[in-house]
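Novice: Sharing a structure below in structure tokens format, with a few things to ask.
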Amino acid sequence: MNNRKTIQETEAAIIDSFSLFDSWDDKYEYIIDLGKKLPALDEKHKTEENKVRGCQSTVWLTADYKDGRVYFSADSDAVIVKGLISMLISVLSGHTTQEIIDAPLDFIREIGMTTHLAQTRSNGLRAMVKQMKHYALAFQAMQQHSINDHGNSGTERKSH
């Protein structure tokens with residue numbers, strides 16, 4: 001039995017969690033707590049190459065491709081941003097490239113992030129989503145190239 005949640009199920013769980021909070025102070029506290037639970041990114045991955053462009057804060061994002069699924073790891077020097085990337089990882093990590101590419105990520109709007117984040121953080125959030133989808137596109141292209149050239153699916157790749 002597969003216990004893996006779909007992207008939509010994870011988004012719904014996040015929306016439910018946010019509905020428990022009445023104030024944005026409480027919601028930000030929850031986001032910060034999510035960031036604290038994010039596993040630390042190995043220092044060797046905190047490189048210029050792994051920085052997400054377009055974020056005012058420093059965000060390092062890496063991705064691995066294994067058995068047809070993309071797994072993300074990240075860290076940030078800002079507590080709220082670390083919480084935001086933690087939510088994105090919980091939604092997108094462990095899914096196929098096509099699922100990640102197709103994910104509308106409506107939960108961001110539904111929990112109010114599009115209206116409550118400062119413009120710079122909102123731009124950073126978009127940059128993180130864009131980078132995660134770019135990783136999925138790159139892995140999908142590499143997989144397709146591998147199938148065309150060698151007749152196998154190239155089941156494991158690393159972005160870093």
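The values are calculated or read from the model by the stated rules, or taken from the named source; none is laboratory data. Nothing here was measured: the structure is a model prediction, and the numbers come from that model. Reconstructed Cβ throughout: ideal geometry from the backbone, glycine too, with neighbour counts over all protein chains shown. We work out accessible area using only protein heavy atoms, side chains counted, and drop any ligands, DNA or RNA first. Shrake-Rupley method; radii C 1.70, N 1.55, O 1.52, S 1.80 Å.
Novice: Out of 62, 115, I need the residue that is out of contact with any Gly (no Cβ under 7 Å at 6 or more places or on another chain), over 21 Å from residue 10 (Cβ atoms) and either open to solvent by less than 30 Å² (accessible area, probe 1.4 Å) or hydroxyl-bearing (Ser, Thr, Tyr) (or both). Which one?
Specialist: 115
Novice: Quick check on segment 77-86. Is at least one of its residues touching a Gly at 6+ places or on another chain (Cβ under 8 Å), touching a residue at least 24 places away in the same chain (Cβ under 8 Å) and open to solvent by 40 Å² or more (accessible area, probe 1.4 Å)?
Specialist: Yes, segment 77-86 has at least one match.
Novice: Which one of the conditions (1) among the small types (Gly, Ala, Ser); (2) in contact with a Ser or Thr (Cβ under 8 Å, 6 or more places away or on another chain); (3) surrounded by 18 or more Cβ atoms within 10 Å (Cβ to Cβ); (4) not in a strand (DSSP E or B) does residue 73 fail to meet, given that it meets all the rest?
Specialist: It fails just one condition, (4).
Novice: Which members of segment 73-104 meet the condition of being touching a Lys or Arg at 6+ places or on another chain (Cβ under 6 Å) and under 10 Å from residue 59 (Cβ atoms)?
Specialist: Residue satisfying the conditions is 76 alone.
Novice: If you don't mind, another one. If a residue must be within 21 Å of residue 116 (Cα to Cα) and not in a strand (DSSP E or B), how many such residues does segment 54-70 contain? Explain how you work it out, then say what you get.
Specialist: Let us first name the residues in segment 54-70 that are within 21 Å of residue 116 (Cα to Cα), namely 54-59.
Checking the rest, the ones that are also not in a strand (DSSP E or B) come to 54-58.
Adding up the residues that qualify gives 5.
Novice: Taking the condition of being in contact (Cβ under 8 Å) with a residue 24 or more places away in the chain, open to solvent by less than 60 Å² (accessible area, probe 1.4 Å), under 18 Å from residue 13 (Cα atoms) and touching a helix residue (DSSP H, G or I) at 6+ places or on another chain (Cβ under 9 Å), how many residues in segment 91-112 meet it?
Specialist: Count: 9.
Novice: Then there is this: Go through segment 80-113 and report how many residues are part of a helix (DSSP H, G or I), hydroxyl-bearing (Ser, Thr, Tyr) and farther than 25 Å from residue 40 by Cβ.
Specialist: Residues in segment 80-113 being part of a helix (DSSP H, G or I), hydroxyl-bearing (Ser, Thr, Tyr) and farther than 25 Å from residue 40 by Cβ: 1 in total.
Novice: Yes or no: residue 129 open to solvent by less than 30 Å² (accessible area, probe 1.4 Å), among the hydrophobic types (A, V, I, L, M, F, W, C) and modelled with pLDDT of 95 or more?
Specialist: Against the criterion (open to solvent by less than 30 Å² (accessible area, probe 1.4 Å), among the hydrophobic types (A, V, I, L, M, F, W, C) and modelled with pLDDT of 95 or more), residue 129 qualifies.
Novice: Limited to segment 1-53, what total is found for residues that are out of contact with any helix residue (DSSP H, G or I) (no Cβ under 9 Å at 6 or more places or on another chain), open to solvent by less than 70 Å² (accessible area, probe 1.4 Å) and outside any loop (DSSP other than H, G, I, E, B)?
Specialist: Result for segment 1-53: 3.
Novice: So which of 88, 84, 61, 105 is hydrophobic (A, V, I, L, M, F, W, C) and more than 22 Å from residue 17 (Cα to Cα)? It would help to see each step written out before you state the result.
Specialist: On the way: 88 fails: more than 22 Å from residue 17 (Cα to Cα); 84 fails: more than 22 Å from residue 17 (Cα to Cα); 105 fails: more than 22 Å from residue 17 (Cα to Cα).
None of the others qualify; the one that does is 61.
Novice: Sort out which residues of segment 33-70 are under 13 Å from residue 85 (Cα atoms) and touching an Asp or Glu at 6+ places or on another chain (Cβ under 8 Å), and write them in order of number.
Specialist: Across segment 33-70, the qualifying residues are 38, 40, 41, 57, 58, 59, 60.
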